[in-house]
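Everything below concerns the one structure shown next.
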2 protein chains.
Amino acid sequence: MMVSRRLWVHFACLCFISFYGMYLLYKEYEEITIRRMQQLQNLKHRPDRFTVIVREIPLCIEHEARDCCVDHFFSKHYPNTYYSYQMVYNTDYLDELVKQTKSLARKIEDLRETSIAKKSKSKLSLFDFSQQKTSKVALLEEKLHALCHKIHQLQCKDMLNKKELPVAFVTFKSRSNAAVAAQLQQHSHPLLWVTELAPEPRDISWRNLRVSYRVVPLYRLGVLIVASLLTVFFAIPVTAVQGIAKYEKLKKWFPPAMAVQLIPGLNSIVTGYLPSVVLKGFIYVVPFAMFAMAKVAGCVARSKEEIKACNMVFYFLVGNVFFVSVLSGSLLDTIGNFISHPKAIPSQLATAVTAQADFFVTYILTDGLSGFSLEVLQPGLLIWDTLKSCCTLDHRRVKSPYLYSLPYFRIIPFVCLSILIGMVYAVVAPLLLPFLIVYFCLGYVVYINQIQDMYAITYETCGQYWPYIHHYILLAIILMQITMIGLFGLKLKPAASISTIPLLLSTLMFNEYCKMRFLPYFHHYSLKDAAENDEFDEKCGVLEFHYENAINAYCPPSLLPVSFAASESSSTPLVSS
Amino acid sequence: MMVSRRLWVHFACLCFISFYGMYLLYKEYEEITIRRMQQLQNLKHRPDRFTVIVREIPLCIEHEARDCCVDHFFSKHYPNTYYSYQMVYNTDYLDELVKQTKSLARKIEDLRETSIAKKSKSKLSLFDFSQQKTSKVALLEEKLHALCHKIHQLQCKDMLNKKELPVAFVTFKSRSNAAVAAQLQQHSHPLLWVTELAPEPRDISWRNLRVSYRVVPLYRLGVLIVASLLTVFFAIPVTAVQGIAKYEKLKKWFPPAMAVQLIPGLNSIVTGYLPSVVLKGFIYVVPFAMFAMAKVAGCVARSKEEIKACNMVFYFLVGNVFFVSVLSGSLLDTIGNFISHPKAIPSQLATAVTAQADFFVTYILTDGLSGFSLEVLQPGLLIWDTLKSCCTLDHRRVKSPYLYSLPYFRIIPFVCLSILIGMVYAVVAPLLLPFLIVYFCLGYVVYINQIQDMYAITYETCGQYWPYIHHYILLAIILMQITMIGLFGLKLKPAASISTIPLLLSTLMFNEYCKMRFLPYFHHYSLKDAAENDEFDEKCGVLEFHYENAINAYCPPSLLPVSFAASESSSTPLVSS
């Protein structure tokens, strides 16, 4: 009887945590929405406010081109407000040429620099050698000029028209008209003249614009299938490599590994930690693999690719770290078990979760804390950069500062996984929470530093990640409630078990409400805001300047005039996503 | 080995039926889309093309009213194209008064008519009685005048403003601007100034406009829960009534029933058919119950209420006629069984479906054919009308033609259920199909007659039902495939069973494609079509006439000037949904 009564305390805690969690989520959603609005207000002059991306432009039969179609359609249907357009072209060959030109220009500069250095070193000797170099430079310069000429030829209108894609950026004379054009169905055929608000110019994924809008769903489905397969069958390559990478086998195949035996104690450490290191290595690689997959999913913006990768990595971690650790066994078995006995999910979870509390304390302490310290050191990027500079032997590049943007897809899922673990154990094993607080405090300190000092901003989403994080936290709350339903059932407390079900339903309803209340802020640009900004700009007389700016911002990078002073190119971030 | 090979023929048939079914569905969707576009083109002058319904209008703090807010907002953001607006008021009391006035006016007319008739019959006698009647008429007329005065008072602006609802119909000077306003997010707060294209004036559900937009999801959830409970627990009242309505018990409680024994043979018929009649009676009542529920779900249009009811009735029938007949047992047991052993669904279905082929032949023959003959006779409506006229004793009403609109929610689900039965048995027991063909031919003949001669059009949805019917047929195909997966499994043919899964997936993908390709035609009015119609009208100079017409069409019925000649009122359909 005593146990019974104490279990109601657990139920009260569960209710309190659920409702307080939802309250905090609501407040945070509200706060982030307000911040997003403010940030959008600050960035109101950005070209993407005036521009719409149009896909699936039909071919004009008369001119056998698409650009006249765009001009005709928009000047007809938006007569007073349409400003201009920028077609997108398939510039594979041109991109290649521009790349060649740049590397050639860099080579010439290198040669010149070395010859000047050598000249200053030994002014008298080897005049002949220097002359030979000069003639080589002259040869390369001739080649460069030929290339530039070819690029100029390809960049002219007639040549480009052959490579037209059915995609264009259309600029309007006001923000409100861009908002109208983006949200409206233009043509009665829903797969023609598909419009949406254009992403920021620096955020555009030019490669994906080549993918036809009609096959994008297929690409997405393919990526989803591959990502699911990777998630479900992840254990197979890991165990295979773990089987190979045993110390005994390593000794046979790679005799220098014997050296480990010479140092006392190292042997046991290697044997003990090697499988774990292999697993960690695989998990470290997964976000990059997911990101590579997300890149082929046909998103028009790089930010959307990253969000997609972030999503896939989170579900990967929930499956392969949380469920595999909790339920001990391969994910495939777990899923099969869940599908064949869905009623048993809560009780299975409850039994397993209570047994694994200690494991997760260790997990948070080791993986979490080591993760943050590694983040500060950025070993992966360091090694990658060193490797790159060693391979290319391009000394100029080593000198340039390497600056990357924050890899959200690698960081958010791991932090959200910790939130999930904390949520699930909040009622079952609250002793885990202090460790988690230390983890989050450390994370806060580390990331404040990283964001302020280490990373460059390559695009601005204005809080587009929050709805996803909100979703992950809500998933954590739901998982906690399902676990507790099982636990109350195990402890022979069916009344509490049944009373948790309305709690679960109210959590789901809260999610629906949040979607209705806040999600449109993150998807649409409302007419009222757009019109107010337009009005203000018109009063100041700067509206014209802004929309003229906008159309220039959406010029594809390979159509920009080629610059011979290629030194700028290396200072931009190399991996800018 | 022979059996094995023949099973591949079944698999080939399954593939053929699935793909040919999908092909026909695609063609039909295309055909109906084209017809919808044509019909919309024919109805291009309808007021709903120019009008948008706005909900959640905020209160203007200065004037403590909402109408000034509407005018201000739309004249600011649509300066050249906004025409006018019509607020919606909470007119409960006014409606009641108008109703009283009408019945009073009818009473007066009745009295006059009878007095005239009596006068002509007996011109000389009972002058006194006639005078008495005339004084009574004068009294009633005075009362009527008082009522009309009161109504006029209530209809004036000041009184109405107190009863303002946050809903308005806003009319634009062109179709394209109405389309823009309907599809755009007006305010950054997604729950303010919510706009959608207005339904036809005669299609508006004025009662539901009183429901706040924010609580509509709750109403919907409530209706969904009640409808699910009715579906799942439908068997309980039926078996209860069947238990009571046994002939032996009836004899005790209602001795006149003994008369049945006097006619030889009738006794056994009554005992045998009574439970079946009870079940049929309950099933006959269900569509009306569902329709009553759909009416409180907060849809702004009556057509949407009917579609909702149609949906709920279809799932009710699938649960309570198909699954209960096939799996013999209560629906609750079946659902419980399916949830606890989801892997066993295909094999369970396969065993049960093959066993019940004869039953469904009988079902199609009896219920289907009797259903159509009953439809021609319309016994329900006849009885309802007779009852009504008997109760009210209103002789005028009996004279008026009673004309109802086609009760889609009662007919479509039953026909779709037959399609589902035919689909599921197409491979397993093809002998059922000829009966089904007879059924559909008869249905075609009956409904051509009914639609042309019996029913009045009360609103025009332009094919809005088709996406739902498409969905039901696709569900039938999927159910057939699941059954066949089970059947191949039972016949120890796992290869065929596994090969059916890609077929199932491709069916699901086909559904997604259809949604993407055709569904927008049914939800949005595209800018291009709207602009073309506008242009044409402007050339003819009739655009102004149409939009001026539009705002008058959306005047709430209780705000129309009260007419004393109430004779018109009875000729409009009474139950017009």
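Readers should treat all values here as calculations from the given coordinates under stated rules, not as data from a laboratory. If you're wondering where the values come from, they're calculated on a predicted model, not measured in any experiment. Glycine also receives a Cβ, built like all others from the backbone with ideal geometry; neighbour counts cover every protein chain displayed.
Eigenvalues of the alpha-carbon gyration tensor of the range A:213-525, scaled by 5 and square-rooted, set the equivalent ellipsoid semi-axes at 34, 29, 20 angstrom, largest first. When only the Cβ of Lys, Arg, Asp and Glu is charged (+1, +1, -1, -1), the dipole of chain B relative to its Cα centre reaches about 1420 debye. In this simple spin-label approximation, A:V260 and B:A117 carry label points 7 Å from Cα along the Cα→Cβ vector, and these lie 11.0 nm apart. The calculated P(r) of the range A:237-394, using every Cα pair and 10 Å bins from 0, goes 8, 24, 33, 25, 9, 2, 0 in percent. Length gained on full extension, B:D358 to B:L139, computed as 0.36 nm times the residue gap minus the Cα-Cα distance: 71.9 nm.
Taking other C-beta atoms within 10 angstrom as a stand-in for reagent exposure, B:Y525, B:Y247 fall in the order B:Y247, B:Y525, fewest first. Neighbours of A:L192 by Cβ distance under 13 Å: Lys/Arg scored +1, Asp/Glu scored -1, total +3. Across all directions, the average projected area of the convex hull around the alpha carbons of the range A:40-81 is 3.9 nm².
Inter-label distance, B:Q464 to B:D110: 3.7 nm, where each label sits 7 Å from its Cα along the C-beta direction.
Spin-label model, B:E512/B:K76: points 7 Å from Cα along the beta carbon direction are separated by 4.3 nm. Neighbour counts of other Cβ atoms within 10 Å put A:C69, A:C540 in the fewest-to-most order A:C540, A:C69. A cut-off of 5 Å between modelled amide H atoms, ignoring neighbours fewer than 5 places along the same chain, links A:Y404 with A:A456. When the C-alpha to C-alpha distance is required to be over 24 Å, the pairs from B:K99/B:K163; A:K162/A:K308; A:K27/A:K343 that qualify are A:K162/A:K308; A:K27/A:K343. Distances between equivalent label points of B:T271 across the copies, with each point positioned 7 Å along Cα→Cβ, amount to 8.6 nm, shortest listed first. Placing +1 on each Lys and Arg Cβ and -1 on each Asp and Glu Cβ, with no other charges, gives the protein assembly as shown a dipole about its Cα centre of roughly 2160 debye.
Hydrophobic long helices, here whole DSSP H runs in chain B with Kyte-Doolittle means of at least 0.0 and Cα atoms spread over 18 Å or more along the helix axis, are found at B:2-42, B:216-232, B:266-295, B:379-392, B:408-428, B:432-449, B:466-490, B:494-523. Fully extending the segment from B:I34 to B:K539 would add 179.2 nm, taking 0.36 nm per residue of separation and subtracting the current Cα-Cα distance. Maximal additional length on extending the A:C390-A:N449 stretch stands at 18.3 nm, based on 0.36 nm per residue less the C-alpha distance. Between B:I225 and B:N552, the FRET efficiency estimated from the beta carbon spacing at R0 = 41 angstrom works out to 0.50.
If every alpha-carbon in chain A counts as one equal scatterer, what log10 I(q)/I(0) does Debye give at q = 0.06, 0.07, 0.11 1/Å? Values returned for q = 0.06, 0.07, 0.11 Å⁻¹ are -0.44, -0.59, -1.21. Since only A:P287, A:F510, A:L420 are under comparison, the one whose Cα sits farthest along the positive direction of the charge dipole of the range A:213-525, derived from C-beta charges on Lys, Arg, Asp and Glu, is A:P287.
Residue exposure proxy: A:H10, B:H152, ordered by other Cβ atoms within 10 angstrom of their Cβ from fewest to most, comes out as B:H152, A:H10. Putting +1 on Lys and Arg Cβ atoms and -1 on Asp and Glu Cβ atoms, find which of A:F409, A:S373, A:Y439 reaches farthest to the positive end of the dipole of the range A:213-525. Checking the options against the dipole of the range A:213-525, the answer is A:F409. Inter-copy label distances at B:G329, shortest first and taken from points set 7 Å along Cα to Cβ: 2.5 nm. The packing ranking, built from the mean of other Cβ atoms within 10 Å per residue, places the peptides B:161-167, B:304-310 in the order B:304-310, B:161-167, highest first.
With its label point defined 7 Å out from Cα along the Cα-to-Cβ axis, B:C68 lies at 5.5 nm from the matching points of the other copies, in increasing order. Checking the table A:K44/B:K173; A:K102/A:K136; B:K44/B:K102 against a 24 Å threshold on Cα-Cα, which pairs fail? Over 24 Å apart, Cα to Cα: A:K44/B:K173; B:K44/B:K102. Electrostatic tally near B:V415: other residues with Cβ closer than 13 Å to its Cβ, Lys and Arg +1, Asp and Glu -1, net -1. Overall, the range B:304-450 carries a charge dipole of about 380 debye about its Cα centre when +1 sits on the Cβ of Lys and Arg and -1 on the Cβ of Asp and Glu, all other atoms neutral. Close amide-amide hydrogen proximity is noted between B:A65 and B:C60, each under 5 Å apart and 5 or more residues distant or on a separate chain (H modeled in the peptide plane; Pro and chain starts excluded). Local charge for B:L374 was computed over the other residues whose Cβ lies under 12 Å away, with Lys and Arg +1 and Asp and Glu -1, and equals 0.
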